[in-house]
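Report on the following structure.
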Number of protein chains: 2
Amino acid sequence: MIIDCHGHYTTAPELHTLWRDAQVAAFTSGGEEPSYPEIPDDQIRESIEQNQLRLLRERGADLTIFSPRASTMGHHIGDEAVSRAWSGRCNDLIKRVVDLYPETFVGVCQLPQSPGTPIDRSVAELERCVNELGFIGCNLNPDPSGGFWTAPPLTDRSWYPLYEKMVELDVPAMVHVSASANPVFHATGAHYLNADTTAFMQLLQGDLFKDFPDLRLVIPHGGGAVPYHWGRFRGLADMMKKPTLHEHLMGNIFFDTCVYHQPGINLLFEVVPVDNILFGSEMVGAVRGIDPETGQFFDDTKRYVDNLPLTGVEKDKVFAGNARTVYPRLNDILVAQGR
Amino acid sequence: MIIDCHGHYTTAPELHTLWRDAQVAAFTSGGEEPSYPEIPDDQIRESIEQNQLRLLRERGADLTIFSPRASTMGHHIGDEAVSRAWSGRCNDLIKRVVDLYPETFVGVCQLPQSPGTPIDRSVAELERCVNELGFIGCNLNPDPSGGFWTAPPLTDRSWYPLYEKMVELDVPAMVHVSASANPVFHATGAHYLNADTTAFMQLLQGDLFKDFPDLRLVIPHGGGAVPYHWGRFRGLADMMKKPTLHEHLMGNIFFDTCVYHQPGINLLFEVVPVDNILFGSEMVGAVRGIDPETGQFFDDTKRYVDNLPLTGVEKDKVFAGNARTVYPRLNDILVAQGR
């Protein structure tokens, strides 16, 4: 069984996207929020079957942990009410995809974060998505300002209400920023990777997992710059008198395989324990083209993992077992489905 | 011959550091700038011989391209006048090191950048350092705000006056941020690496080297996250209808080897052409300890490069030839020295 831990609904129906545009326009002009359109099942089916489902089948994966499009979470746009309404719509749309394809998609929610707003305002939406919609985790944006980095580090106590609820619900978060409103940062080419690196270093500096030994965080895009600079981070932990990375962090932090070339995947598996790696592709996502050097899609990360000299047990962990451990509610769903 | 392209004066005499403290205190209190102390040659000799010079000899390198400590450039501290005075003192101190050890150190200057201040105010200091002090390049801070990223991308025309002067003087810049005043970013564990990745992506998005075909930029710390995500960047270039990375950027961008473990160095050399890699260690710098896995210093990057299956010609390029090409004024100095 092959589980892709990192898929976003980047192909959502146009009606949904147009509603967002109208919502933001209404906020800007001080008008009333538009009513949300009826989106027929057929439009959802079409958007999924021609894209994610087709590619999953072509590439040989079985299931995607599926969340709203990261780049359009746009926590920095509008205000808290705008973010709450948009997040709710996005999560409801994910639920519809899951209901149409219950064996192929499981839901992860977007949180209604908003700059300067306490994170406990996001707890209710997390509870709704987990308890009512059957979702198995959330995406947590460490920079809801969209590239201006005004929120405190993830180890700050202001984030604790969310972590408490995550532990209570036994769901992990993927640490994932949204679009950059700061022109210095290209979203998928800089902001995403910087956020991954930044989050890991914050966790290294702090002692968050002493307070939350059961908290689990997935750092996407192969951990940003972290595996490439694994020696730097090991050395910084040493200089800071922290335990080793393994003792300090790797019981709680997991990386995905969204690294779009073989040498990068090789490095990831060389330095990061196999128990901490979850197969992911970020498909259909950041990089959509075909690599002229290989003739294959850049984001067909399964090929890179397949090329590794892993044992059967190791492959099972990376492709499914680790995801079932990190997302226990996914495991419950699969068990209920007899998988 | 072995040239380390990335060394900072992290061990400057205490009198110099105390003056900086007094300068900042005077700025804060509105007092007069203190007079700069007499620093005896012996104090400079001691600070160098017990540190950089000792390590250079132990590790078998011959020469370091030497610049003021990056983390204390502190462009965000004080105002333009504070930055100008401090930069001048720092650069003068580097000149004294070079004069004491002319066969072991060559100078690269800190620029007197200040947030919101046009870059052409830094041009005079670059000219002074190159023409009067014999320096061979500069460090360019893409984020003089210290982690708040308020400056425009490096491709913005507001940076052009510096690039024009660099081309005229035939000197490169190392793109290097200073300390982070933003608590989300650890300096050496996040801000440095993020800046490297961010700069590369800005250059990928833009067409700076069409306007400045002879401009040369060194991106330190092994290029941040870039080599690890080389496939992502190749794919993004493709999506943006840019030429290949090689055609678009690699005639002008160079990475150093400040990657503190063997797998990272292996990856760097696997994906980045050998002509674009300059040996560097960032020594004495970010990570000062001994790797318990190898028993060697994390930042003894020469060992990692020595372990690579490079030809003699390739080693010569990485250890010296590329530096002589990227820094033509270094080559002139070496030729004059009969080296």
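All of the numbers you see were taken from the coordinates with simple rules; none came from a lab. Predicted model, so just to flag it, every value in this text is computed and none were measured. Please note: Cβ atoms are built from the backbone with ideal geometry, for glycine as well, and neighbour counts cover all protein chains shown.
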**OP:** Return P(r) of the range B:155-198 (all Cα-Cα pairs; 5 Å bins starting at 0; whole %; ordered from short to long distances).
**Re:** 5, 19, 20, 18, 16, 14, 7, 1
**OP:** Kindly give the distances from A:GLU127 to its copy-mates, label point to label point, with each label point 7 Å from Cα along Cα→Cβ, as nm values to one decimal ordered shortest first.
**Re:** 6.7
Original post:
Can you list the residues, at least 5 places off or on another chain, whose amide H is less than 5 Å from the amide H of A:SER67, using H built in the peptide plane?
Top reply: A:GLY7, A:HIS8, A:TYR9, A:VAL108
Original post:
Rounded to the nearest 20 Debye, what is the dipole magnitude of chain B about its Cα centre when Lys and Arg each give +1 and Asp and Glu each give -1 at the C-beta?
Top reply: 580 debye
Subject >> Projected area averaged over orientations for the range B:130-241, convex hull of C-alpha atoms, nm² >> reply: 7.8 nm²
**OP:** Take the alpha carbon atoms of the range B:15-125, find their radius of gyration, then divide it by 2.2 N^0.38 Å using N residues; give the quotient.
**Re:** 1.16
Subject >> Hull shadow area, averaged, the range A:113-191 [alpha-carbon convex hull, nm²] >> reply: 5.3 nm²
**OP:** Using every pair of alpha-carbon atoms in the range A:166-222, split the distances into 10 Å bins beginning at 0 and state the percent of pairs per bin, rounded to integers.
**Re:** 22, 44, 26, 8
Subject >> Two-decimal Rg to Rh for the range B:264-320 - Kirkwood Rh, Cα set >> reply: 0.98
Original post:
From the label point of A:ASP207, set 7 Å from Cα along Cα→Cβ, how far away are the matching label points in the other copies, in nm, ordered shortest to longest?
Top reply: 5.5
Subject >> Under-5 Å amide H pairs with B:ASP256, H placed in peptide plane, nonlocal only >> reply: B:ILE219, B:HIS221, B:GLY222, B:GLY223, B:LEU278
Original post:
How big is chain A by the Kirkwood estimate over distinct Cα pairs, in Å?
Top reply: 20.2 Å
**OP:** Please work out the Cα center distance from the range A:300-318 to the range B:1-61, rounded to the nearest Å.
**Re:** 50 Å
Original post:
GNM on chain B, C-alpha springs below 10 Å: top fluctuator among B:PRO112, B:PRO183, B:PRO172?
Top reply: B:PRO183
**OP:** Report, for A:GLU103, each distance to the same residue's label point in the other copies, shortest first and in nm; define the point 7 Å along Cα→Cβ.
**Re:** 7.7
**OP:** Pull up all non-local amide H partners of A:ASP291: gap of 5 or more, or a different chain, and H-to-H distance under 5 Å with H placed in the peptide plane.
**Re:** A:GLN296, A:PHE297, A:PHE298
**OP:** Report, for chain A, the % of DSSP beta bridges that are antiparallel, rounded to 5.
**Re:** 10 percent
Original post:
Based on the mean of other beta carbon atoms within 10 Å per residue, what is the order of B:224-236, B:296-308, most packed first?
Top reply: B:224-236, B:296-308
Subject >> Formal net charge of residues neighbouring B:PHE233 (Cβ-Cβ distance under 14 Å; K, R +1; D, E -1) >> reply: -3
**OP:** May I ask for the net charge around B:GLN262, where only other residues with Cβ less than 14 Å from the Cβ of B:GLN262 are counted and Lys, Arg are +1 while Asp, Glu are -1?
**Re:** -3
Original post:
Going by average Cβ neighbours within 10 Å, how do the peptides A:316-324, A:190-198 rank, with the highest at the top?
Top reply: A:190-198, A:316-324
Original post:
Looking at B:SER158, B:CYS129, B:VAL226, which one has the Cα that reaches farthest to the positive end of the dipole of chain B (charges on Cβ: Lys, Arg +1; Asp, Glu -1)?
Top reply: B:VAL226
Original post:
Rounded to the nearest 0.05, what FRET efficiency do B:GLU38 and B:GLU270 have when you use their Cβ-Cβ distance and R0 = 60 Å?
Top reply: 0.75
Original post:
How high is the relative contact order of chain A, in percent, with contacts defined as C-alpha pairs under 8 Å that are six or more residues apart?
Top reply: 17 percent
Subject >> Between the range B:133-169 and the range B:195-225, the alpha-carbon center distance in angstrom >> reply: 12 Å
**OP:** Using only the alpha-carbon atoms of the protein assembly as shown, report the extent along each of the three principal axes, biggest first, to the nearest angstrom.
**Re:** 76, 56, 48
Subject >> Shielding by partners, peptide B:284-297 (average Cβ within 10 angstrom, other chains) >> reply: 3
Original post:
With the Cα gyration tensor of the range A:194-339 giving a ≥ b ≥ c as the square roots of its eigenvalues, does the rule (a/c under 1.5 for rounded; else a/b larger than b/c for prolate; else oblate) give rounded, prolate or oblate?
Top reply: oblate
Subject >> GNM top mover of B:THR244, B:THR311, B:THR104 - chain B, alpha-carbon springs below 10 Å >> reply: B:THR311
Original post:
Which whole-number percent is the relative contact order of the range A:243-339 (Cα, under 8 Å, 6+ apart)?
Top reply: 27 percent
Original post:
GluC sites (Glu not before Pro), restricted to the range B:200-297: which are DSSP loop and have at most 16 other Cβ atoms within 10 Å?
Top reply: B:GLU293
Original post:
Are any of the pairs A:LYS241/A:LYS315; A:LYS315/B:LYS302; A:LYS302/B:LYS241; A:LYS315/B:LYS317 more than 28 Å apart by Cα-Cα distance, and if so, which?
Top reply: A:LYS241/A:LYS315; A:LYS315/B:LYS302; A:LYS315/B:LYS317
Subject >> Distant alpha-carbon pairs in the range B:62-207 (separation over 27 angstrom), percent >> reply: 17 percent
Original post:
What average count of beta carbons from other chains do you get within 10 Å of the Cβ of residues in A:247-260?
Top reply: 1
**OP:** Return the average number of partner chain Cβ atoms within 10 angstrom of each residue Cβ along peptide A:268-280.
**Re:** 1
Subject >> Charge sum, other residues only, whose C-beta stays under 10 Å from B:HIS8's C-beta, Lys/Arg counted +1 and Asp/Glu -1 >> reply: 0
**OP:** Given the options B:ASP214, B:ASP291, B:ASP99, state which has the largest fluctuation in a GNM of chain B using a 10 Å cut-off (strictly under) for Cα springs.
**Re:** B:ASP291
